[in-house]
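Everything on this sheet refers to the single structure shown next.
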Amino acid sequence: MAEYGEWNRKGATLSDVTAKAEYGVDRDVIVKGIQTGKLEYREGSVWGNPYLRVLRSQLEQYLAEELGEDYLRRVKHHTELRRVKKAVADLKKQLAGLQKRQQELEVSLGTWPRSWYRPLYAFRGGLRGAGASSTDAKIAANIERGFCPKKRSAAVVPSGRVRKKL
């Protein structure tokens, strides 16, 4: 016998069609369970199409008796795996859409992702040729060797103006 209010609880009942999708059982198995008295049911109709509503807890108990615990466990895990895969696919689609929108907004604002910027210390003194990973020590060492970052030439001795800014 069903508990008080079990028919009204969300997710506690399922139709024969849903039972086929979730547990892989035909309507005949459910009707057999009803005839033996192991399943309580209610009849319903949507747009003139009749269906049977049964309690999920009773159906699971009946399937465990008839088809075995292993079958029930395997089918439940398979159903859950299907739901998880669908959720992951939906989240991937949503993430792709959000990333596309992020790029559109960054382009419209005239900003780029921070990873595309060079670190601020690479621009000290206006040395364009210093590179993204240059530090003051590396720039000074290159100047000592005669490399001028502005001209990108080793033959040119840097001017005094460049040395003073460092």
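Once you put a point 7 Å from the Cα of Leu105 and another 7 Å from the Cα of Lys92, both along the Cβ direction, what distance in nm separates them?
The answer from the label model is 2.5 nm.
Specify whether the C-alpha gyration tensor of segment 1-54 places it in the rounded, prolate or oblate class, a ≥ b ≥ c being the square roots of the eigenvalues: rounded for a/c under 1.5, otherwise prolate if a/b is larger than b/c and oblate if not. Please list the in-between numbers first.
On the way: a/c = 1.43, a/b = 1.12, b/c = 1.27.
Verdict is rounded for segment 1-54.
Any read-out appearing in this document is the output of simple, stated calculations on the displayed coordinates, not a laboratory observation. Just so it is clear, the structure is predicted and the values come from calculations on it, not from any experiment. Methodologically, a virtual Cβ is constructed for each residue, glycine included, from the backbone with ideal geometry; neighbour enumeration extends over all protein chains shown.
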